[in-house]
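Data first, discussion second: the structure below is written as structure tokens.
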Amino acid sequence: MPASPANDPTLHSWIDIRPTEDFPIQNLPFGVISTPERGPRLAVAIGGYALDLYACAQRGYFDSIAEDVPALGAALPKVFRRRSLNAFLRLGRPAWRAVREAASALLRHDNPTLRDDEEAVRDCLLRQRDVDLLRPVKPANYTDFYSSLEHATNVGKLFRPDNPLLPNWRHLPVAYHGRASSIVVSGTAIRRPQGQYRPAGQEAPVFGPSQQLDFELETAFVVGKTTALGETVPIDQAEDHIFGLLLFNDWSARDIQSWEYQPLGPFLGKSFASSVSPWVVTLDALEPFRVAGPGQEPLPLPYLQMPGEQHFDIQLEMLLLPAGSTVAPLVLSHTSTSYLYWSMAQQLTHHTSNGCPLVAGDLCASGTISGPTPGSLGCLLELTLGGTQPLRLPNDLNLTYLQDGDTVILRGYAEKNGLRIGLGEVSGTVLPAAG
């Protein structure tokens, strides 16, 4: 993928942005904002602001690139007045890149076009704190992979101490199809699910609120290109079908999950809620943070082999704000996407290897991302060894699984040579079970 001029590390904006902020001019992630007066609009994030792409298009700021990208020109400006990125995604990578680069040019410190027009600034630039951040895509489908070797091994040890990693795991990206209708944007409260589970020491199950509510620290890629039924995507073309990356919390009811998952896998223990961050960071913006990733042994089959740096080094942290707490959130874990065994390209290629079609806006999550140390584990199931060893927190708190009122926060960023590209955060607070 050729480098984008919007990635130039020497660029800086006329908007004041602190070095520790997630959204410098080299990032410009896409999302959907809304206000009572304007309704939903597509936007890119810059510092603490959102650049309203519909307002920019109305002022003619994208007319020049529309001439070079006919699909974009035919869709302007209405493609930016939507409740999701889906229609924009369907325009293809030339449109994604052209809009990001045009937004970058508008926001450069030496470009007076928007900077010196006070009326245009008021129209096009909104503080993020003054808008609602909506779910960025409307996924028709959602797939959750199981791509962390450390997570798969740790979980396997809890249930199969002598055989933690099943024979197929190193040969293919294991996954299950989840429930797209329960994917919500950051800040949405999560109702504790009810279901069947079998209490310890009992033969018969009971029905009631989950007693083992967990979270999973994940990322997810957004599919940007629709494919036809029966079509496959070769590994060297896989990233052409990926728009970008966001943070993903796959809420999990471990007691419901452990009772129901055999023989067919996750169902009600997973389908009640998953949370996503509101801004999608493009693969273009993440290009400087590529890494080789872990070695794969044995080598996967040829259709999953591709040389080069197919992984990204994104630092992730998991925080908890206990119910009723008045102190800062507690950091429970710190890990990195560079630990993932299977890359996004391998996940997508395997997903389509049987002819399964993709739809622009679909989400494919990584699965829990864990590292090799106790401080790099991505869920409470691992951190507490299946609930047998509670975490000791400040103020004499012990944490086994989530309590009503707890708030979980996931954050992520990539940093190299003084440049920081953030994914923002995804948060959710646990509500009591219904009724």
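The values are calculated or read from the model by the stated rules, or taken from the named source; none is laboratory data. These numbers were taken from a predicted model, which means no experiment stands behind them. Glycine also receives a Cβ, built like all others from the backbone with ideal geometry; neighbour counts cover every protein chain displayed.
If I ask for residues that are within 21 Å of SER277 (Cβ to Cβ) and charged (D, E, K, R), which ones from the range 82-124 would you list? Those that are within 21 Å of SER277 (Cβ to Cβ) and charged (D, E, K, R): ARG82, ARG83, ARG100. Residue count for the range 1-42 under the criterion of being without any contact (Cβ under 8 Å) to a residue 60 or more places away in the chain, within 28 Å of ARG290 (Cα to Cα) and not in a loop (DSSP other than H, G, I, E, B): the result is 1. Residues in the range 369-410 that are of a type in the set (A, V, I, L, M) and either free of Cβ contacts under 8 Å to residues at least 12 places away in the same chain or part of a strand (DSSP E or B) (or both): LEU391, LEU393, LEU397, LEU399, VAL408, ILE409, LEU410. Against the list (1) in contact (Cβ under 8 Å) with a residue 40 or more places away in the chain; (2) farther than 29 Å from LEU419 by Cβ; (3) buried (at least 21 other Cβ atoms within 10 Å of the Cβ), the condition ALA45 fails is (2).
Is it the case that the range 395-409 has a residue that's over 28 Å from ILE256 (Cβ atoms), at pLDDT below 95, in contact with a Ser or Thr (Cβ under 9 Å, 6 or more places away or on another chain) and surrounded by fewer than 22 Cβ atoms within 10 Å (Cβ to Cβ)? Within the range 395-409, one or more residues are over 28 Å from ILE256 (Cβ atoms), at pLDDT below 95, in contact with a Ser or Thr (Cβ under 9 Å, 6 or more places away or on another chain) and surrounded by fewer than 22 Cβ atoms within 10 Å (Cβ to Cβ). Which one is farthest from ILE235 (Cα to Cα), of the residues in the range 287-334 that are in a strand (DSSP E or B) and charged (D, E, K, R)? Within the range 287-334, the match that is farthest from ILE235 (Cα to Cα) is GLU317. Taking the criterion of being at pLDDT 95 or above, over 30 Å from HIS311 (Cβ atoms) and not in a strand (DSSP E or B), the residues of the range 203-228 that qualify are ALA204, PRO205, SER210, GLN211, GLN212. Of all the residues in the range 242-286, those that are part of a loop (DSSP other than H, G, I, E, B), touching a residue at least 60 places away in the same chain (Cβ under 8 Å) and of a type outside the set (Asp, Glu) number 12. Scanning the range 56-94 for residues that are of a type in the set (Lys, Arg) and not in a loop (DSSP other than H, G, I, E, B), we see that the one that is farthest from the chain's Cα centre (by Cα) is LYS78.
If you go through the range 180-202 and pick out every residue that is assigned to a loop (DSSP other than H, G, I, E, B) and under 24 Å from the mean Cα position of the chain (by Cα), you end up with 6.
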